[in-house]
1. Here are some conditions: (1) out of contact with any helix residue (DSSP H, G or I) (no Cβ under 7 Å at 6 or more places or on another chain); (2) outside any loop (DSSP other than H, G, I, E, B). Phe151 meets all but one. Which one does it not meet?
2. Looking only at the range 59-80, how many residues end up being under 29 Å from His208 (Cα atoms), more than 16 Å from the ligand (Cβ to nearest atom) and either in contact (Cβ under 8 Å) with a residue 24 or more places away in the chain or of a type in the set (Gly, Ala, Ser) (or both)?
3. Taking the range 249-272 only, how many residues are closer than 18 Å to Arg93 by Cβ and surrounded by 17 or more Cβ atoms within 10 Å (Cβ to Cβ)?
4. Can you name the condition, by its number, that Ser154 falls short on among (1) in contact with a strand residue (DSSP E or B) (Cβ under 7 Å, 6 or more places away or on another chain); (2) polar (S, T, N, Q); (3) buried (at least 22 other Cβ atoms within 10 Å of the Cβ)?
5. Would you point out the residue of the range 274-284, among those that are touching a Lys or Arg at 6+ places or on another chain (Cβ under 9 Å) and not in a loop (DSSP other than H, G, I, E, B), that is surrounded by the most Cβ atoms within 10 Å (Cβ to Cβ)?
6. Just give me the residues in the range 97-115 being touching a strand residue (DSSP E or B) at 6+ places or on another chain (Cβ under 8 Å) and within 14 Å of the ligand (Cβ to nearest atom), in sequence order.
7. Given the options Leu243, Leu237, Leu251, name the one that is without any contact (Cβ under 8 Å) to a residue 60 or more places away in the chain and out of contact with any Gly (no Cβ under 6 Å at 6 or more places or on another chain).
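The values are calculated or read from the model by the stated rules, or taken from the named source; none is laboratory data. Everything numeric here is computed off the predicted structure, so don't read it as measured data. With ideal geometry, Cβ positions are generated from the backbone for all residues, glycine too; neighbour counts draw on all protein chains shown.
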Amino acid sequence: MKYVDVEKIKKDFPILNVKPHGKKLIYLDNAATTQKPIEVIKAMDKYYEELNANVYRSPHYLSALSTQAYEEARERVKKFINAKREESIVFTRNTTESINFIAYSWGMKHINEGDEILLTIAEHHSNILPWQMVAEAKKAGLKYVHLDENFRLSMKDFKEKMSDKVKLVAVQHMSNVLGIINPVEEITHIAHKYGAKVLIDGAQSVPHMPIDVQRIGCDFFAFSGHKMLGPMGIGVLYIKEDLLSDVPPFLRGGEMIDEVFEDRATFAPPPLKFEAGTPNVKGACVLVSAIDYIEKIGLSNIHNHEGELLEYGLQKMKELDFVKLYGPNDAKERGGLISFNVEGVHPHDVATILDEEGIAVRSGHHCCLPLMRYLGVPATVRASFYLYNDFDDIDALVEGLKKVRKWFK
Ligand code: PMP
């Protein structure tokens, strides 16, 4: 464990003391949601003990404090993903809401009959269903880039499917099933040559690697706080600065207006025009604590640590001849998760037996049914890592899988 001090980190996460079925908790479901360090848990109380008031609205002391903390959170997130301007950072509930935001606002305005939306076959439902809605409403086409023989995104297929008809490329940065990390910089560069806009689903990348939206060059970027040590209910939508006036509001209501008449309204400047109603101020403030924690450890260290775990995990699991792995063979081409199946055993049964050993993994279609069909499997088991996992956790998983095998043989 040369990149992070896992023993020290584990002590910061009280939930790791929970004993499922009397066993030590081995939490390997980080792609679904991550656990929270004590600093983040304390920040939730701190907000309600010291800062709580509605933002922007009232001229009193607490409202000023709360507004200041909320705007500081925006500034912090801007720096975290290296956006150019605070106005580009919109707080939402999660990745799903961020993508729906762009579909309902920008998509419904700019995508028209005969246009195309280009996705990848590995997308999460959150980055498929909103575009199905736009395609159906606007009579636009929906196309999917396929994978190559090594389960990587086929750039050849991407280039063949790009054309002047494509108005939007919506692609995940990292797959929550295969772990592949897509070359989003290159994808954006090519898409822009055709005049298409690019939306990146960063739900699985932001928690695990340094992100620079200016370097990627994308137009929209979405992620969730809860997958990066933060609380549930806070997400981020990044909108590139030159598109801010081209994106209409998604929701309409309080605090996002300039003037309201009986028959019409004008809107406040961004980001306020994108945040109707009382926002999740506590969520945004607590997200800052999560970012502080992540940056204290260092995203490059986290990424390298997970790379070590992945390499070790892939090697150990390849030794189990009854386990089938999905995703590229080479650990260097992917992020810290492993999807697999145990020969002759339903993924839910695998996960249930592992749970009896205290090992938390996910089983199912992982909200990626088109990918499951493409892979020819109904479901997989997924073990996903984070900064508090170590080699012992992987050894426990491997021993658990041997038990599964014994049980069903
Ligand atoms: N995209 C990807 C790649 C994901 O893994 C997830 C969460 N599993 C989402 C989108 C949706 O995230 P949320 O549920 O936080 O909106």
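1. (2)
2. Going residue by residue through the range 59-80, those that are under 29 Å from His208 (Cα atoms) are 68-80.
Checking which are more than 16 Å from the ligand (Cβ to nearest atom) leaves us with 68-76, 78-80.
Narrowing further to those that are either in contact (Cβ under 8 Å) with a residue 24 or more places away in the chain or of a type in the set (Gly, Ala, Ser) (or both): 69-70, 72-74, 76, 80.
Residues that pass the stated criteria total 7.
3. In the first step, residues of the range 249-272 are kept if they are closer than 18 Å to Arg93 by Cβ; the result is 249-256, 271-272.
Filter again for surrounded by 17 or more Cβ atoms within 10 Å (Cβ to Cβ), leaving 249-250, 256, 271-272.
Count: 5.
4. Ser154 satisfies every listed condition except (3).
5. Step by step, filter the range 274-284, then rank; the result is Ala284.
6. Matches in the range 97-115: Glu97, Ser98, Ile99, Phe101, Ile102.
7. Numbers: Leu243 fails: without any contact (Cβ under 8 Å) to a residue 60 or more places away in the chain; Leu237 fails: without any contact (Cβ under 8 Å) to a residue 60 or more places away in the chain.
Unique residue meeting the criteria: Leu251.
Residue-wise test of (1) in a helix (DSSP H, G or I); (2) touching a Lys or Arg at 6+ places or on another chain (Cβ under 7 Å); (3) modelled with pLDDT of 95 or more.
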residue	(1), (2), (3)
Lys296	yes, no, yes
His305	yes, no, yes
Gln315	yes, no, yes
Asp321	no, no, yes
Lys332	yes, no, no
Asn341	no, yes, yes
Leu354	yes, no, yes
